[in-house]
1. Would you be able to tell me the number of residues in region 137-159 that are touching a residue at least 60 places away in the same chain (Cβ under 8 Å) and open to solvent by 30 Å² or more (accessible area, probe 1.4 Å)?
2. Provide a single number: the residues in region 66-80 that are farther than 24 Å from residue 50 by Cβ and either surrounded by 16 or more Cβ atoms within 10 Å (Cβ to Cβ) or touching a strand residue (DSSP E or B) at 6+ places or on another chain (Cβ under 6 Å) (or both).
3. Residues of region 81-107 being farther than 16 Å from residue 132 by Cα and open to solvent by 50 Å² or more (accessible area, probe 1.4 Å), which ones?
4. So residue 162 fits all but one of (1) among the aliphatic types (A, V, I, L, M); (2) open to solvent by less than 60 Å² (accessible area, probe 1.4 Å); (3) assigned to a strand (DSSP E or B); (4) more than 30 Å from residue 33 (Cα to Cα); what number is the exception?
5. Here are some conditions: (1) under 30 Å from residue 209 (Cβ atoms); (2) touching a Ser or Thr at 6+ places or on another chain (Cβ under 6 Å); (3) without any contact (Cβ under 8 Å) to a residue 24 or more places away in the chain. Residue 77 meets all but one. Which one does it not meet?
6. Where in region 166-225 are there strands (runs of 3 or more DSSP E), lying wholly inside it, with at least 2 residues that are without any contact (Cβ under 8 Å) to a residue 60 or more places away in the chain, of a type outside the set (Asp, Glu) and closer than 18 Å to residue 236 by Cβ?
Amino acid sequence: QFWVVEVGASQEGDVARLTVKEAFVYVSNDTRYVFDGWEGSCEGIDCGKKEITVTVSKPLSFRAKWYPEYRIKVAPVEASPTTNCPEWVRGDSVCIFSASPELPSRQSVDTKYRFVKWTINSGGITIQEDIQMTITVKVDRPITAIASYEPWHRITISGGPVSPIILGCVSESYAAWCKEGSSLIVDLPTTSLGFLVTQDFKGWIVDTLDEKLIFSEHKSITLHIKGPVRLTAKWTLNYTQLIFTSTTTLAIS
């Protein structure tokens, strides 16, 4: 009942002064009440002021008005999410929250972070989730708006003389972007090219950047993505058919 102000009896002609000590009354760290003027016997009086004076000429009654405000928090700071609302918002206001679709990594140009969802929390309880990058929220309590992101990594792929087949990730020209924890399948349409002198596939060299090189002889390889990867197909020239043809020609002549 902190917002109720009683006006005591005064004699006719007396000047009465009404005031509130504080314009803000904090119920908690994240909820407060804001003084919103006086109501009652306001004829001819500016009742929007924190302090008013009246000349008593009849019975008068005044009551202080207050409205709730709630603290709005937006996280994480490094994601630079935005909102059209200030830190403190009047109850029942509607706030718009926006997030960037992607964030760069400070550690590597081969890693980036993609937006996943907004989570609206109040008092440690999730009250709303949304996968849209821009959302509207009606504020009727203190809230924390959290923009969630997940890491994606670039997989650089060199298939040599053939274009590799990429499955399971978002492919680019001789590369792919994969979500951390996903699986990537890379295959080759053929393992031999040419006539007489051929190019033969010998295997994949896998460089995970933070581990030792791995070699696989299989033309189809599956990678479980934990970070950026450089994948290179190893090919060698094969002269067997040329030598055989030359030897056969000499024998006939």
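1. Taking region 137-159 first, the residues touching a residue at least 60 places away in the same chain (Cβ under 8 Å) are 139-147, 149, 153-159.
Remaining after also requiring open to solvent by 30 Å² or more (accessible area, probe 1.4 Å): 140-142, 144, 146, 149, 154, 156, 158.
Qualifying residue count, region 137-159: 9.
2. Quick first cut of region 66-80, residues farther than 24 Å from residue 50 by Cβ only: 72-80.
Now restrict to residues that are either surrounded by 16 or more Cβ atoms within 10 Å (Cβ to Cβ) or touching a strand residue (DSSP E or B) at 6+ places or on another chain (Cβ under 6 Å) (or both): 72-75, 79.
Count: 5.
3. 84, 86, 87, 90, 92, 94, 104, 106, 107
4. The failed condition is (3).
5. Going through (1) under 30 Å from residue 209 (Cβ atoms); (2) touching a Ser or Thr at 6+ places or on another chain (Cβ under 6 Å); (3) without any contact (Cβ under 8 Å) to a residue 24 or more places away in the chain one by one, residue 77 breaks only (2).
6. Values: elements: 170-172, 175-179, 183-187, 192-195, 197-207, 214-216, 221-224.
Hits in region 166-225: 192-195, 197-207, 214-216.
The values are calculated or read from the model by the stated rules, or taken from the named source; none is laboratory data. Everything numeric in this text was worked out from a predicted model, so none of it was measured. FYI the Cβ positions are ideal-geometry reconstructions off the backbone, even for glycines, and counts take in every protein chain you see. In case anyone asks, the SASA skips ligands and DNA or RNA and just uses the protein heavy atoms, side chains included. Shrake-Rupley method; radii C 1.70, N 1.55, O 1.52, S 1.80 Å.
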